[in-house]
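Every number in this text was worked out from the coordinates using simple rules, so none of it is lab data. What you see is a predicted model; the values in this text were computed from it and never measured. Using ideal geometry, Cβ is built from the backbone for each residue, glycine included, and neighbour counts are taken over all protein chains shown.
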Amino acid sequence: MNKHIKKILSIWVMAITLGGVSCKKFLDREPQSVISSADAFKNFTNFQGFTEELYHCIPDFTNAYWTNSWNWGEDEIQSTARDFHFVVKIDNGDFWGWQSQFDGWQAGWMDRNTTSTNDDRFAKSLWKLGWYGIRKANMGLENMDKLTDATQEEKDLIKGQLLFFRGWFHFMFIQYFGGLPYIDKVLPGDQKLTLPRLSYHECADKAAEDFRAAADLLPTDWDNTTAGKKTLGKNQLRINKIMALGYLGKNYLYAGSPLMNYSSTGNRTYHNGYCKKAAEAFAELLRLCDEGAASYKLVDFSKYYTNFYTNGQNWTMPGNTEAIFRGPYYGANGSNWGTAKQYQPAPQLEGGDVKFLPCANYVDYYGMANGLPIKDITQADVESGYNPVYPWKGRDPRFYNDIVYDGVKCVQGATTDEPNRYANLYTGGSYRNVSTGSRTGYLLYKFIPITANKYDNGYSYDKSLNIHLPYMRLADIYLMYAEAAAQAYGSAAGKAPDYSKTAEEAVNVIRDRAGVGHVAPKFLVSLDAFMGEVRRERAVELSFEGHRFNDLRRWMLLIQSPYTLKKSIEFDRTGTFNNTDPKENKVINLREQVILERKYTEKHYWLPLKNSDANMYLEFPQNPGW
């Protein structure tokens, strides 16, 4: 930490080409050359050039390496051919593995030996660039008085961005490591560092001040500002009021969650005060969207995939109207070469040896189209209509969108391997391979089109497929609002003042988009019953988008069974195989088997800090148990 807070390189301004061709479309600025430190802050163009380096500090966790691991809950398991990704270390209880010195492949996005603010996706790491970004934001804020050749709007835009990034990097750190020093000034390099670790709540309060101030300064859309019109239509990634409100609410919700409340107060329940603040921040954001004052809206379910990938549109970044916060997108070709391949069994559909598979117990969260959950995957349920003889029938539409199950047609066109045209995911099927195929009986296709295979050429190496997940999208806001409002006001009928939707209605907005039945009355009778559905809804709607690990941690469920288990689904085919509609295929001997049980203790609720940082001075101790 000493290296990355005190002595980090002080760059006053750089000539930045934000992400090459792919990012220029979304985040552009006036051309400029390198500017001296004396001129860096004198006008909006120069100061904005200085500020825009902060966008290059945001890691692209989707494409940080050839193959990429970002789901560390009970949601996903890796094939056994390789073991260098962080998810394998997490499964083994080795949380030190986020650190670059324990990652010989340098595959992780949280820490890397080589870090840069250029447009190299392999040179982005949260730990190093986060501290660098905090220092840079503080440098900008301390030099705001030098911005004399600017309008008030321009000054507000600069200051709002700087405040947001200072809050965002601190929030990204504390959600994994707990309370840290909150750096709100430029630290001199020749002074001994003695800043103590604050409590989680103390850090969250300071981050909230930054997010709130940023929201008050920033517009909902840069295109509607005088300054933003200079880059009209290319401002989608620029920090705005909606982004600031989104993270204000998320920061408060995390502070109000059981783990963070326990670390600060010793109480393992939700903190009512922080949940109320979270609900109010989310409500302010949702009002702006509902009333049309902000342009964010849920995409139609037929275009759901555009949240995550585009296909046949060279260099086009995914996101559409639902993506709230994204970082720059580097090297589209990397999506074709690595990320797309990590979801398909080899050699049946594609090459490569690192595969990420959805765990069967997690797929169980995808309930029925009528909105009811599956009680037991092996037992028939008259109420929900689930039948273990036809386990793929009548499911939540998002199940069919996200998950490839037995019998799905995976090769659409001509193939030299006709037996593998359809997903052979039954026990003993050709797609089942612990090394380079499916360990679980399922495949994940949420982030790739069905034609992404070596036969259909649904993607090629000309940048036609682009995969890039947002850090935050509008669906997440609705569900975080539902959680915060329910906890703040004690029931599914809870709602923030001056907002029309209750917690229940917010969940149903998401279900309506997918064509899923509303929350059933039996789940509205108590807060605990409703929270079970909120958590299940988050598991389904936000599946495999990098939220589950932190959700389980903040709910204090990570170390509890069944959340420590990763399972496969086992079954045999019987009767006539239906090529036309695999949902109608009958199975026998359906069961689930435990592949892995994660052995965790209380210490696993937080990641360990680097020992080199924790040993610097007494006021900066290591996390308990590490």
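One chain, two ends: ASP498 and THR151. Fully extended at 0.36 nm per residue, the span grows by 121.6 nm beyond their Cα-Cα distance. Between the C-alpha center of segment 587-626 and that of segment 278-348 there is a gap of 30 Å. Here the calculated FRET efficiency for LEU232 and ASN314, from their Cβ-Cβ distance with R0 = 25 Å, stands at 0.65, rounded to the nearest 0.05. Computed FRET efficiency, Cβ-Cβ of SER430 and SER116, R0 56 Å: what is it to the nearest 0.05? The calculated FRET efficiency here is 0.85. One decimal place: the segment ASP83-THR416 gains 116.7 nm when fully extended, by the rule 0.36 nm per residue minus the C-alpha distance. Checking (i) 160; (ii) 433; (iii) 138 against volume of the Cα convex hull per residue in Å³ calculated from these atoms, the matching label is (iii). The distance separating the Cα centre of segment 352-413 from that of segment 37-68 comes to 42 Å. Reported to the nearest whole Å, the Cα centre-to-centre distance from segment 548-579 to segment 160-205 is 36. Taking other C-beta atoms within 10 angstrom as a stand-in for reagent exposure, TRP105, TRP606 fall in the order TRP105, TRP606, fewest first. Counting only alpha carbon atoms, the long axis of helix 241-256 and the longest principal axis of the chain meet at about 70°.
Relative contact order of segment 506-624: 17 percent, from C-alpha pairs under 8 Å at least 6 residues apart in sequence.
Phi angles across segment 39-45 convert, under the Karplus curve 6.51 cos²θ - 1.76 cosθ + 1.60 with θ = phi - 60°, into 3J(HN,Hα) values of 9, 4, 10, 6, 9, 4, 4 Hz, Gly and Pro given as x. Positive contributions from Lys and Arg (+1) and negative ones from Asp and Glu (-1), summed over other residues with Cβ under 12 Å from the Cβ of ASN453, come out at +1. Fewest-first ordering of SER335, SER491 by other beta carbons within 10 Å of each residue's beta carbon gives SER491, SER335. Classification of segment 198-283 by its C-alpha gyration tensor yields a prolate form. The axis ratio a/c (a ≥ b ≥ c) is 1.5 or more, and a/b outweighs b/c. If the chain linking THR601 and TYR390 were pulled fully straight, counting 0.36 nm for each residue of separation and taking away their Cα-Cα distance, it would gain 72.1 nm. At most 15 other Cβ atoms within 10 Å and a DSSP loop assignment: could you name the chymotrypsin sites (Phe, Trp or Tyr not before Pro) in segment 518-589 that fit? Answer in residue order: PHE577. Shape class of segment 71-150 from the Cα gyration tensor (axes a ≥ b ≥ c, square roots of the eigenvalues): prolate, since a/c reaches 1.5 or more and a/b is larger than b/c. For the chain, the longest principal axis of the C-alpha atoms and the axis of helix 126-142 are separated by about 30°.
With a ≥ b ≥ c taken as the square roots of the eigenvalues of the C-alpha gyration tensor of segment 138-275, please select rounded if a/c is under 1.5 and otherwise prolate if a/b is larger than b/c or oblate if it is not? It comes out oblate by the Cα gyration axes.
Which of THR80, THR427 comes first, and how do the rest follow, when ranked by fewest Cβ neighbours within 10 Å? List each step's numbers first, then the result.
Working: THR80 14, THR427 18.
Ordered from fewest to most neighbouring Cβ atoms within 10 Å, THR80, THR427 come out as THR80, THR427.
Shown is the FRET efficiency for ASP381 and ASP581, computed with R0 = 25 Å from the Cβ-Cβ distance and rounded to the nearest 0.05: 0.70. Any of LYS355/LYS454; LYS409/LYS586; LYS375/LYS446 with alpha carbons more than 19 Å apart? Name them for me. Correct reply: LYS375/LYS446.
Between the Cα long axis of helix 474-489 and the first principal axis of the chain there is an angle of about 90°, rounded to the nearest 10.
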